[in-house]
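One structure is given here, and the rest of the page talks about it.
The values are calculated or read from the model by the stated rules, or taken from the named source; none is laboratory data. Predicted model only: the values in this text are computed from it and were never measured. Glycine gets a Cβ as well: all are built from the backbone with ideal geometry, and neighbour counts include every protein chain shown. Areas reflect the complete protein model, heavy atoms only, side chains present, ligands, DNA and RNA absent. Shrake-Rupley method; radii C 1.70, N 1.55, O 1.52, S 1.80 Å.
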Amino acid sequence: MNIISRHKRIFIDGEAGTTGLGLRQRLSTRSDIALMGLDADKRKDPDAKRALLREVDVVILCLPDDAAKDTVALVDDLGTQGPRVLDASTAHRTAAGWAYGFPELDEAQPRIIAEAARVANPGCYATGAIALIHPLVAAGLIAPTMPLALNAVSGYTGGGKSMIAAYESGRAPAFELYGLNFKHKHLPEITRHAGLQASPVMIPSVGNFAQGMLVSLPLHLDALPGHPAASALHEALRGHYAGARYVKVMTPDANPERLEPQALNDSNMMELFVFSPAQGRQALLVARLDNLGKGASGAAVQNLDLMLGRPQ
């Protein structure tokens, strides 16, 4: 058993993956946190893991869904001796009894996360999509039943080990669409936590760059309730995120003519844009974030700090 520092004891289960490595990098210099782990030959030993789970305050799951469920089952077996759980997998993002780890969702969400025994970290695409859609549904500017379409592009680090290997070896294309079976794993959480009754169409893609993300939502303004101006969409987003540390709604006069996905890399920031033509009744809403930052390990650190009562 390896201990790097003292104070709150944190176990990253799955620390060798992309999100786990990002978490370790972000937390290893923290003097208020003790990172604890299992030796490599013990990582699949349930008895060794169970013993470690008794000793830690929070376990962060950076695992495939089935493996994450297995660790949660071990925590269940420990009862009151078990740690709190922060799950970065897809397994529990719409599950009963789990807090959704998007603190900016609404005014109550930071407190819900802070008090929860179990928190599900959002998906990267879902973070951008929910950030754009939820405030507009809440403001009555998008109907929950409205059919929506999302376009998104991510760096290849979001695709797991095989995709990373393909791109870094030069075997992958410059750009590709995927998820063409219309069953992307982030759709259930987008539908639930954006406040929609109908699942959007989402067309994700990956580009030949390591990290960074753009999630875009095109809208016909005359199809929205009340036929609002694009400025109303901007004001609804601005009001919702007023005071948010990690989400910034960009002013219309700062909107560039082109938008690249890597500007926020290695940060936990997310920028939201509302584009509209000078003449016409269309709008394009865009979220820009780092798929490894606000879309993964950066968000996990934000949620962990809430769970530990740390200042935001």
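A few notes on this one:
- Residue list for the range 109-122, restricted to those being farther than 19 Å from Gly20 by Cα and either basic (Lys, Arg) or open to solvent by 40 Å² or more (accessible area, probe 1.4 Å) (or both): Pro110, Arg111, Ile112, Glu115, Ala117
- Only one entry of Gly295, Gly309 meets the criterion of being closer than 30 Å to Ile33 by Cβ, outside any loop (DSSP other than H, G, I, E, B) and touching a residue at least 60 places away in the same chain (Cβ under 8 Å), and that entry is Gly295.
- Some residue of the range 257-273 being farther than 20 Å from Ala210 by Cα and modelled with pLDDT of 95 or more: yes
- Scanning the range 182-211 for residues that are among the aliphatic types (A, V, I, L, M), within 19 Å of Gly295 (Cβ to Cβ) and either assigned to a strand (DSSP E or B) or without any contact (Cβ under 8 Å) to a residue 40 or more places away in the chain (or both) returns Leu187, Met202, Ile203, Val206.
- Count of the range 238-255 residues which are outside any helix (DSSP H, G or I) and either open to solvent by 50 Å² or more (accessible area, probe 1.4 Å) or on the phi > 0 side of the Ramachandran plot (or both): 5
- Selection within the range 267-283 - under 30 Å from Cys62 (Cα atoms) and open to solvent by 10 Å² or more (accessible area, probe 1.4 Å): Ser267, Asn268, Met269, Glu271
- Against the list (1) open to solvent by 30 Å² or more (accessible area, probe 1.4 Å); (2) over 19 Å from Val215 (Cβ atoms), the condition His134 fails is (2).
- Scan the range 163-176 for residues that are surrounded by 12 or more Cβ atoms within 10 Å (Cβ to Cβ) and assigned to a loop (DSSP other than H, G, I, E, B) and the total you get is 1.
- The set of residues from the range 175-193 being of a type in the set (Lys, Arg) and either in contact with a Leu (Cβ under 9 Å, 6 or more places away or on another chain) or modelled with pLDDT under 95 (or both) comprises Lys183, Lys185.
- Considering (1) open to solvent by less than 60 Å² (accessible area, probe 1.4 Å); (2) out of contact with any Leu (no Cβ under 9 Å at 6 or more places or on another chain); (3) within 21 Å of Gly155 (Cβ to Cβ), the lone condition that Val286 does not fulfil carries the number (2).
- Lone unmet requirement of (1) out of contact with any strand residue (DSSP E or B) (no Cβ under 6 Å at 6 or more places or on another chain); (2) crowded, with 16+ Cβ neighbours inside 10 Å; (3) touching a residue at least 12 places away in the same chain (Cβ under 8 Å) for Val215: (1)
- Here Glu235 meets each of (1) part of a helix (DSSP H, G or I); (2) in contact (Cβ under 8 Å) with a residue 12 or more places away in the chain with one exception, condition (2).
- The residue list Gly179, Gly158, Gly128 contains one member that is farther than 24 Å from Arg238 by Cα, in contact (Cβ under 8 Å) with a residue 12 or more places away in the chain and in a helix (DSSP H, G or I), which is Gly158.
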